[in-house]
Amino acid sequence: MITESIDVKNILGLQLPTDPRWVNLAEMQLEEILTDHAYCEQKAATTCISLIQRYPDRTVMVEELAPIVTEEWGHFRMVLAELKKRGLQLGEQRKDVYVNKLLEFQKKGGNAEDRFLDRLLTMALIEARSCERFKRLSEGLDDAYMRNFYRRFMESEAGHYTLFINLSELYLPKDKVRKRWKEWLDFEKEMITNLEMRGDRVH
C-alpha cells in the first residue's frame with residue numbers, strides 16, 4: 001500500500017516532480033483529463049498484449065502481464081463510467097507527446113536484448129509518471145470523491161512500475177538494467193523540463 005508520503009525520487013526514481021499548479025489546470029479541464037486518462041489505460045492494456053505477443057517465450061513475463069491486461073482494461077471501463085456518470089463524452093484520442101518522445105529514445109537497432117529492455121523500461125517510466133500525476137490529483141483536487149478516485153489509480157500504477165523493473169532484472173543483468181534506467185530517468189527529467197505544462201493531459 002502506497003502512503004500519502006510517497007517519495008517521488010526515492011520510491012519512483014523520478015528526478016523531477018510535477019509542478020503542483022498542474023492539478024489546478026487539470027481540475028478546470030476535467031472532461032479532457034478523464035478522456036486522456038481513459039486512453040492511457042487503453043494503451044497500457046494493448047501494450048501489455050503486444051509484449052505478450054512479441055515475447056511468448058518469456059513465460060514469467062507472460063504470466064505476470066496477463067492479469068495486468070485485465071486490470072488496465074478494467075481501469076479504462078472505470079474512467080468511461082465516470083465520464084458517463086458526469087454526463088461527459090469520451091473525446092477523441094490526442095497525440096501523446098510525452099510517450100512519443102519516450103519511444104524516440106528507445107534503442108531501435110543492434111542487440112535484441114537492448115530493445116527488449118527499453119520496451120520494459122519505457123513502460124516502467126510511464127507507470128511511474130502516471131503514479132506521480134495521480135498522486136498529485138489524489139492530494140490536490142478540491143473534490144473529495146475525485147481525490148479518492150485517483151488515489152486508487154495511484155496505488156495500482158506504483159505496483160505496475162515495480163513489476164516492469166522486476167521483470168527487467170529477471171531477464172537481464174541488474175547492473176545493465178540500473179545503468180540504462182538511470183539514462184532513462186535523466187532523459188525524462190530533461191524532457192519534462194522542456195514540455196509544455198498542460199492540464200488536459202495525464203503526461
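From Arg129, Arg147, Arg133, grab the single residue that is surrounded by fewer than 22 Cβ atoms within 10 Å (Cβ to Cβ) and either of a type outside the set (Gly, Ala, Ser) or over 16 Å from Leu30 (Cα atoms) (or both).
Sole residue among the options that is surrounded by fewer than 22 Cβ atoms within 10 Å (Cβ to Cβ) and either of a type outside the set (Gly, Ala, Ser) or over 16 Å from Leu30 (Cα atoms) (or both): Arg147.
Can you report the number of residues in the stretch 29-55 which are assigned to a helix (DSSP H, G or I), out of contact with any His (no Cβ under 9 Å at 6 or more places or on another chain) and either among the aliphatic types (A, V, I, L, M) or more than 27 Å from Leu137 (Cβ to Cβ) (or both)?
Final tally of qualifying residues: 9.
Would you tally the residues in the stretch 27-52 being aromatic (Phe, Trp, Tyr) and in contact with a Lys or Arg (Cβ under 6 Å, 6 or more places away or on another chain)?
Counting residues in the stretch 27-52 that are aromatic (Phe, Trp, Tyr) and in contact with a Lys or Arg (Cβ under 6 Å, 6 or more places away or on another chain) gives 0.
Could you list all residues from the stretch 78-101 that are touching a residue at least 24 places away in the same chain (Cβ under 8 Å), of a type outside the set (D, E, K, R) and assigned to a loop (DSSP other than H, G, I, E, B)?
Leu88, Gln89, Leu90, Gly91, Gln93
Each reported figure results from applying straightforward, stated rules to the coordinates on display, with no laboratory input. It should be emphasised that the depicted structure is a prediction, and the values quoted were computed from it without experimental measurement. So basically every Cβ, Gly included, is an ideal-geometry build from the backbone, and we count neighbours across all protein chains shown.
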